[in-house]
1. Please list, ordered by residue number, the helices (runs of 4 or more DSSP H) wholly in segment B:1-114 having 3 or more residues that are without any contact (Cβ under 8 Å) to a residue 12 or more places away in the chain.
2. For segment B:62-77, what are the residues that are buried (at least 16 other Cβ atoms within 10 Å of the Cβ) and over 15 Å from residue B:110 (Cα atoms)?
3. In segment B:103-113, is there at least one residue being within 14 Å of chain A (Cβ to nearest Cβ) and closer than 29 Å to residue A:29 by Cβ?
4. Any residue at all in segment B:8-16 that's surrounded by fewer than 21 Cβ atoms within 10 Å (Cβ to Cβ), within 11 Å of chain A (Cβ to nearest Cβ) and more than 22 Å from residue B:111 (Cβ to Cβ)?
5. Might you let me know whether segment A:59-68 holds any residue that is at pLDDT 95 or above, surrounded by fewer than 22 Cβ atoms within 10 Å (Cβ to Cβ) and over 16 Å from the mean Cα position of the chain (by Cα)?
6. One residue is enough: does segment B:194-205 have a residue meeting the conditions in a loop (DSSP other than H, G, I, E, B) and more than 24 Å from residue B:54 (Cα to Cα)?
7. From the list A:5, A:18, exactly one residue is farther than 21 Å from residue A:281 by Cα and crowded, with 23+ Cβ neighbours inside 10 Å. Which is it?
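The values are calculated or read from the model by the stated rules, or taken from the named source; none is laboratory data. The model shown is predicted, which means the values in this text are computed figures rather than measured ones. Note that each Cβ is placed from the backbone with ideal geometry, even for glycine, and that neighbours are counted across all protein chains shown.
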């Protein structure tokens, strides 16, 4: 569980530090202030030895392709000369984990000059640096627990293939939920089913559709629900709210001691359902030791979060941060649960 | 003032007061003084001020992302209520990372410049806005009735606990059109804004020009 996160040179973010994170953290802020990029930064740090996540993040943004031209889009101002740095301190141990992202340089074959009396040279740019072609990205992960060990992995395009080298599994697990991944249920449902936690999911779903009495995977791996019709219905067709509830519930239940990142928490949910989902998230976060990072634009979502936290024994672990941006300056403004409640009561803007 | 949803800090000059009544009173007084570019926010009194004040500073528009203050002047007006009111406010201001003024009715040199005024000021007896309002109308014909009423109820076994509030309400009740708060009384021009009793406050508020 992270106590703090620091992100440098990732996409729009020049430098952003967030300290005193809670176990459940809601991020707000104006469009283009870096909320989603911050979530991506945390996601990359969790999977610091899995370069595939970089490509996944672009897919989540609706960019399901990768070419050499797109490597620079991860870097601030698309300047690959300045590496991306993402670091985080672990709450209990104060261990510092750090990820450096830089271009993987293409190996340029040695040039053979023929020695003769006259060598004709064309005029080159007046720059002392040798030219290089970014051939992919290199990830370097270090931890203050073991400063001598660097884990380096790579992702690059070769021909028509996207290749990953030296990826490693890590102990910590993270799940990223956004509007494009909300139907990502199959594997997670299987894991939740094995842990006999499906009744908990059904209890939450009943909050928005009391007719739901059964959930299960069919023979081709499709998740189906019994909502009182003559036959089971694919869960995708039950409704957008159910899909979002399912997605969040399965992620929380399948991510014990891990981190769940939820972009646009309110997406697909009526305001009256948001408090119910926050209630579930806060309960599971406490019960399963999950750290949550969520974003929203919606004041209803913020109020629902505040109300759910107020009725939870977990209130002291519920924080809100507003990310502010002006040109190249970023800051995170922290609200404790009490400060958020005070601000909403005073009708002061918090977003 | 119309309620148009959650408020951001949009003015460089902010007046922090301790209730809706005070918001109405100062809105009228500042306009009377020809000060037009200001924003008034309710930060609560003795009980709520310690919690609400730091939250006001987090409101969008108070500080820029580079931590510089977008607000140039922050005036805080609070009722006296207790002997150490100024020290109490100054210490909360300092605890929030701002530079408090060294004495009552002045502004600090920080960014923002912070001023503190404890009602009813150093020249008027009492502990609250109502004392100051009553002082502005001490020559008003209705005050004879108000004082007689106060004298009469003082003899009661269960007399009003707050005589300044009782007298202010009585004064408002003695007007042709009755309103039930000193702030609304200000909006109706029932208090005398030309009174010398307001000189110290006017001088303080002049910093918001």
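1. Filter on segment B:1-114 gives B:49-58, B:85-95.
2. Across segment B:62-77, the qualifying residues are B:65, B:77.
3. No, segment B:103-113 contains no residue that is within 14 Å of chain A (Cβ to nearest Cβ) and closer than 29 Å to residue A:29 by Cβ.
4. The answer is no, given that none of the residues of segment B:8-16 is surrounded by fewer than 21 Cβ atoms within 10 Å (Cβ to Cβ), within 11 Å of chain A (Cβ to nearest Cβ) and more than 22 Å from residue B:111 (Cβ to Cβ).
5. Within segment A:59-68 (the criterion being at pLDDT 95 or above, surrounded by fewer than 22 Cβ atoms within 10 Å (Cβ to Cβ) and over 16 Å from the mean Cα position of the chain (by Cα)), the answer is no, since none of the residues qualifies.
6. Yes, there is a match, as at least one residue in segment B:194-205 is in a loop (DSSP other than H, G, I, E, B) and more than 24 Å from residue B:54 (Cα to Cα).
7. Among A:5, A:18, only A:18 is farther than 21 Å from residue A:281 by Cα and crowded, with 23+ Cβ neighbours inside 10 Å.
Listed here are the residues, each with its yes/no results for (1) under 29 Å from residue A:293 (Cα atoms); (2) touching a strand residue (DSSP E or B) at 6+ places or on another chain (Cβ under 7 Å); (3) at pLDDT 90 or above.
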| residue | (1), (2), (3) |
| --- | --- |
| A:132 | no, yes, no |
| A:141 | yes, yes, yes |
| A:161 | no, no, no |
| A:177 | yes, yes, yes |
| A:187 | yes, no, no |
| A:214 | no, yes, yes |
